[in-house]
Structure formats: C-alpha cells, structure tokens
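These notes are about the structure you will find just below.
Each value in this text was obtained by applying a stated rule to the coordinates, not by laboratory testing. Every value quoted in this text rests on a predicted model; they were computed, and no experiment measured them.
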C-alpha cells in the first residue's frame with residue numbers, strides 16, 4: 001500500500017531539522033509495507 005508525505009517549510013530556520021522531521025513521518029508509514037522508502041528535497045534555485 002502506498003503512502004506519501006509532504007512538508008513545506010515556511011520558516012527557513014527549520015531547514016537544519018528537515019531530516020529529523022521527515023524521518024519521523026517516514027517511520028510512521030513503514031507499517032504500510034517494506035517495499036521502499038526515500039525522500040527528495042527541492043529548494044529555491
């Protein structure tokens with residue numbers, strides 16, 4: 001079963017926390033199945 005999360009940071013001071021924030025969301029979705037997991041980061045420029 002698929003699961004998708006998204007995170008839009010309006011506060012640039014949170015960028016150093018991006019990995020911690022997304023890792024928690026991905027861990028929550030891990031119960032959906034062991035197929036794969038990953039994330040992509042898109043920024044300005």
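Per the Cauchy relation, a quarter of the hull surface: what is the mean projected area of the convex hull of the alpha carbons in the chain, in nm²?
Spelled out: convex hull of the Cα atoms, projected over all directions, averaged, 3.6 nm².
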Helix-only CD estimate at 222 nm, as mean residue ellipticity for the chain, using -39500 (n - 2.57) per DSSP H run (n ≥ 4):
-8500 deg cm²/dmol
